[in-house]
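This report refers to the structure that appears directly beneath it.
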Amino acid sequence: MDRIYLDHAGTTPVTEHVLESMLPYFRQCFGNASSIHGTGRDARKAVEGARRQVQAALGADSAGEIYFTSGGTESDNWAIKGSAFALKDRGRHIITSRVEHHAVLNTCAWLEKQGFEVTYLPVDEEGRVDPEDVRAAIRPDTILISVMMANNEIGTLEPTQEIAGIAKSRGICMHTDAVQAVGAIPVNVNDLQVDMLSLSAHKFGGPKGMGALYVRQGTRLDRLMHGGEQERHMRAGTENLPGIVGLGTAISDAVSKMPEHARRMRSLRDRLWQGMVRLIPGLILNGPEKDRLPGNLNVSIQDVQGESVLLRLDLEGIAASSGSACTAGSLDPSHVLLAIGRDTETAHASLRFSLGAENTEEEIDEVLRVLPGIVTDLKKLRFG
Ligand SMILES: *Cc1c(COP(=O)(O)O)cnc(C)c1O
């Protein structure tokens, strides 16, 4: 059997259609979008076409609110540092949550060293931020609220719209990391009422190293990258032309296929979960039962180490993850699992399966065929 890839929250393969759309922009149409000759103008046309695709996918008012970046990490860094520095004369207090991606958490930690103050809101046992906690944390000097749309580890969907409504009523800038949400659930910047939104192409069938930041017209934001005048003077550096074209194709495709895709992912995910419940004792579901990302299953298996299960699955050609890919290799228990109240042992016992477009029922059944034996083996090794 071919390898089975169940780590789409880590990254996804570029789709055939996305790859085809990118290829002409390496050699035939390779121009620098800032050049005024024909080759440059062709490149410019492609960049602006992709920008309109992102605008349409997010329901933004104008294409001018979309800025291309090198990925989710840059978008998060830019949104948070850029607004912190633009607004520092108004205040130096930022509100975020304990379950954010490290691109947000480590950016906030750095800002604390620069004299900003950050409140890290707790979450409930399913990973959800309580909007009332946001309201209570707001101070006269609060300048930014950043809460993710969907959690990359446990799939929790955050009440982004409600939190953004609170931010808006108090005149505070609202950013959301929607990297896991785009292509998985509806994402519309005007329904959500957010001022800034981060996304990353490689999480929905686009190329790695390519992302975008939505910035609502009128939002105060300093530059992160200094240099040339690209992206309307806001993000210097020659445009990644094939990457931008690939992002445009990927987001259009992902958003138009989203309802059907989500249905399929939910059905595969439920097949996996129900099969595991039937075959493996001592399972603890991490994250909500309902209201979670359609393709996400995060589960702790009592008395086994997630890492050990992963290695054994890998030997069988099955790729999953424990904790998040970014912290894999470190043995620190996941900050997200600790935030929902799991003890260290249960956190270490976690496995994440994240499904994608190319997965099939046969693949899920293959996982269900090998996983129970692996778990039994590991328990024997441990308890003799
Ligand atoms: C993957 C991910 C990121 C980082 O995006 P990159 O494009 O890999 O830098 C940020 N936030 C979340 C929620 C993610 O899942």
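The values are calculated or read from the model by the stated rules, or taken from the named source; none is laboratory data. Everything numeric in this text was worked out from a predicted model, so none of it was measured. Heavy atoms of the whole protein, side chains included, go into the accessibility calculation; ligands, DNA and RNA do not. Shrake-Rupley method; radii C 1.70, N 1.55, O 1.52, S 1.80 Å.
Assuming 0.890 mPa s and 25 °C, estimate D for region 72-185 with Stokes-Einstein, Rh taken as the Kirkwood radius over Cα pairs, in µm²/s. Rounded, D is 177 µm²/s. In a solvent-free Debye calculation with one equal scatterer on each Cα, what is log10 I(q)/I(0) for region 226-384 at q = 0.14 Å⁻¹, listed in the order of the q values? Taking Cα atoms of region 226-384 as identical point scatterers yields -0.80.
Ordered from longest to shortest, the equivalent ellipsoid semi-axes for region 154-209 are 23, 12, 9 Å, each the square root of 5 times a Cα gyration tensor eigenvalue. Over all distinct Cα-Cα pairs of region 151-246, the Kirkwood formula returns a hydrodynamic radius of 14.9 Å. The alpha carbons of region 1-51 stretch over 51, 20, 13 Å along the principal axes, in descending order. Residue 85 contributes an accessible area of around 70 Å² to the protein surface, as traced by a 1.4 Å probe with all chains present.
Note on the chain: with a GNM built from Cα contacts shorter than 10 Å, the maximum mean-square fluctuation among 159, 24, 131 falls on 24.
Both the radius of gyration and Dmax for region 1-154 are 20.0, 60 Å, in that order, over alpha-carbon atoms.
Summary value for region 35-159: 24 percent relative contact order, contacts being C-alpha pairs under 8 angstrom separated by 6+ residues. Across every pair of non-identical alpha carbons in region 16-253, the mean reciprocal distance, once inverted, gives a Kirkwood radius of 18.0 Å.
Normalised by 2.2 N^0.38 Å, with N the number of residues, the alpha-carbon radius of gyration of region 192-243 equals 1.26. Solvent-accessible area assigned to carbon and sulfur over region 212-285 amounts to 51 percent, based on a 1.4 Å probe. Annotation: the antiparallel percentage among DSSP beta bridges lying fully within the chain is about 55. For the chain, relative contact order (Cα pairs under 8 Å, six or more residues apart, normalised by length) works out to 23 percent.
Just to confirm my numbers, what's the Cα centroid distance between region 188-225 and region 1-79 in Å? Their Cα centres are 12 Å away from one another.
Residues in region 16-253 average 40 Å² of solvent-accessible surface per residue, probe 1.4 Å, ligands and nucleic acids excluded. Note on the chain: Lys pairs 8 or more places apart or on different chains, Cα atoms under 23 Å apart, count 10.
Phi-derived couplings, Karplus 6.51 cos²θ - 1.76 cosθ + 1.60 at θ = phi - 60°, listed residue by residue for region 264-269: 5, 4, 4, 5, 5, 4 Hz, with x used for Gly and Pro. In the context of the full set of protein chains, region 260-360 has a per residue accessible area of 44 Å² (1.4 Å probe).
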